[in-house]
1. Based on what the data block shows, is S50 of a type in the set (G, A, S), within 11 Å of I19 (Cβ to Cβ) and either touching a residue at least 24 places away in the same chain (Cβ under 8 Å) or part of a helix (DSSP H, G or I) (or both)?
2. Hey, can you tell me all the residues within region 11-35 that are over 12 Å from the mean Cα position of the chain (by Cα) and in a loop (DSSP other than H, G, I, E, B)?
3. Take K68 and decide whether it is loosely packed, with under 12 Cβ neighbours inside 10 Å and within 15 Å of A23 (Cα to Cα).
4. Among (1) within 15 Å of I19 (Cβ to Cβ); (2) loosely packed, with under 14 Cβ neighbours inside 10 Å; (3) within 9 Å of the chain's Cα centre (by Cα); (4) aliphatic (A, V, I, L, M), where does L38 come up short?
5. From the list L65, L84, L54, L17, which one is among the hydrophobic types (A, V, I, L, M, F, W, C) and modelled with pLDDT under 95?
6. Just to be sure, is A25 modelled with pLDDT under 90 and surrounded by 14 or more Cβ atoms within 10 Å (Cβ to Cβ)?
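The values are calculated or read from the model by the stated rules, or taken from the named source; none is laboratory data. For clarity, every value in this text was computed on a predicted model and none was experimentally measured. All Cβ positions, even for glycine, are placed from backbone atoms using ideal geometry, and neighbour counts span all protein chains on display.
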Amino acid sequence: MNAKKKGASDDPGKRYLRIGQAAEAASVSKQSVQYYLLVGLLDPAKRSESGQQLFDNASIERIKLIKKLNESGYPLREIRDIFLDRHPD
């Protein structure tokens with residue numbers, strides 16, 4: 001079995017970013033992404049072998065959506081409820 005490189009993906013075309021890189025790509029602070037993780041608004045796409053949280057394009061788009069909703073007046077708690085209501089049981 002081949003060992004995966006740090007940050008390597010199962011899909012060769014898919015790119016994963018560390019938390020700081022994801023924050024920069026979404027134009028938010030690293031602390032904002034950490035808070036979104038803490039309150040359940042966001043999950044990492046995967047973890048590296050060393051345990052680092054890694055984010056894909058879908059994660060970046062979700063971070064941007066959270067930021068946009070929050071800037072338009074939605075509290076983070078309400079955004080979380082909206083996201084939770086979207087998940088099928």
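1. no
2. D11, P12, G13, K14, R15, S27, S29
3. Values: loosely packed, with under 12 Cβ neighbours inside 10 Å: yes; within 15 Å of A23 (Cα to Cα): yes.
So K68 fits the description; yes.
4. It fails just one condition, (3).
5. L84
6. Numbers: modelled with pLDDT under 90: no; surrounded by 14 or more Cβ atoms within 10 Å (Cβ to Cβ): yes.
No.
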